[in-house]
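The values are calculated or read from the model by the stated rules, or taken from the named source; none is laboratory data. Since this is a predicted model, take the numbers as computed values, not measurements. We place every Cβ from the backbone using ideal geometry, glycine too, and count neighbours over all the protein chains shown.
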Amino acid sequence: MKPCLFIHTNRKQHLGALVSAYSMRRASKHADAFDVRLIQAEDHAFLAEHEGQRYLRDGSWRAWKNDDLQSFTPLRFLPPELMGYQGRAAVIDPDIFAIADPWQLLARDMGQHAILCRRRSGAKGRSCFASSVMLLDCAKLRHWRAAEDFQELFDGERDYGDWICLRREPAGSIGPLEPEWNDFDRLTPNTKLLHNTRRWTQPWKTGLPVDFVPGEKLYGIPFGSLLMRLRRQVFGEHGLLGRYLRHPDRNQERFFFGLLRECVDRKIVTEEMLRDEMRQNHIRHDAFEVLEKTPPLAA
């Protein structure tokens, strides 16, 4: 069985997932050695069945919304099942793009670990692993049952924050991954996988109305969680959140649109698809103008 790189996504981030998948093949000298598969949220009924139901997140109850920008996150835990609990897999977010050959990640020695990933940055990083990029030994993850574990969020038996931060995993089962394999909005000569993780500044969303629901646990801000909870209750899920901002690093913007330009040239993404994505506010409305100004990427 070939190792497989899974990209989990939903309709709002489908374009990003297509560009991400293309970047993985583009960057690899071993593209025949592994598969790349998308896991689409809309294909999994266990997510849709919970629309509007309340689930436990960071100690408070929230309504599950399938049209949230990141409704795909429970699918991070699906690859071992899809692989029949055999072999090697990696799973990444749809806003991650390859600079280095992903085969270097898929083929690396995991030792005795079931999972390799990096820690989150900032205050949250002391207790949270970044599950947005994980290398998985599927045979060691037979306790991962995505649909059943998702149900526990609604039963109050599992907290989303603990699940997504991998706090419930057995001691010693998680090994370290260099930050360059999940580089948070940082593009350097050492970056291997670029993650446009700051949703406010994702390069393809600039100027659009914010359509994600931010977390309510704000670290380092007195009464921050209370204020965020009041904002949501008074003004709605997206109230007062404004619009997406331009990414502060123009090189990262150029890199994404350089990849998108190649996808358009190769008919992976069509102009009709782009126009439809604009109509749905999934991609910035000046995307064609930005593509025209974007220089070709180096080979």
Review point. What number goes with the only condition from (1) closer than 22 Å to ASP149 by Cβ; (2) assigned to a loop (DSSP other than H, G, I, E, B); (3) charged (D, E, K, R); (4) touching a helix residue (DSSP H, G or I) at 6+ places or on another chain (Cβ under 7 Å) that ASP101 does not pass?
Key: (1)
Review point. Of the residues that make up the range 249-258, is at least one loosely packed, with under 11 Cβ neighbours inside 10 Å and more than 23 Å from the chain's Cα centre (by Cα)?
Key: no
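Residue-by-condition table, conditions (1) more than 11 Å from HIS8 (Cα to Cα); (2) touching a helix residue (DSSP H, G or I) at 6+ places or on another chain (Cβ under 7 Å):
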position: LEU56; (1), (2): yes, yes
position: ALA63; (1), (2): yes, no
position: ASP67; (1), (2): yes, no
position: THR73; (1), (2): no, yes
position: LEU82; (1), (2): yes, no
position: VAL91; (1), (2): no, yes
position: ASP95; (1), (2): no, yes
position: ALA107; (1), (2): yes, no
**Study point:** Number of positions in the range 275-299 that are without any contact (Cβ under 8 Å) to a residue 60 or more places away in the chain and not polar (S, T, N, Q)
**Key:** 15
Review point. How many of the residues in the range 129-152 are within 16 Å of SER71 (Cα to Cα) and not in a helix (DSSP H, G or I)?
Key: 2
Review point. If you go through the range 149-172, how many residues are among the small types (Gly, Ala, Ser), more than 22 Å from the chain's Cα centre (by Cα) and closer than 25 Å to ASP137 by Cβ?
Key: 2
Practice item. Identify, from the list LEU208, LEU135, the residue that is within 30 Å of LEU259 (Cβ to Cβ) and not assigned by TED's automatic domain parsing to the domain that holds PRO74. Key: LEU208
Check your understanding: With respect to ASP95, is the statement that it is at pLDDT 95 or above, in the same structural domain as ARG158 (by TED's automatic domain parsing) and farther than 27 Å from PHE256 by Cβ true?
Key -> no
Check your understanding: Considering only helices (runs of 4 or more DSSP H) fully contained in the range 1-83, which possess at least 1 residues that are of a type in the set (A, V, I, L, M, F, W, C), in the same structural domain as ALA139 (by TED's automatic domain parsing) and crowded, with 20+ Cβ neighbours inside 10 Å?
Key -> 14-27, 45-48
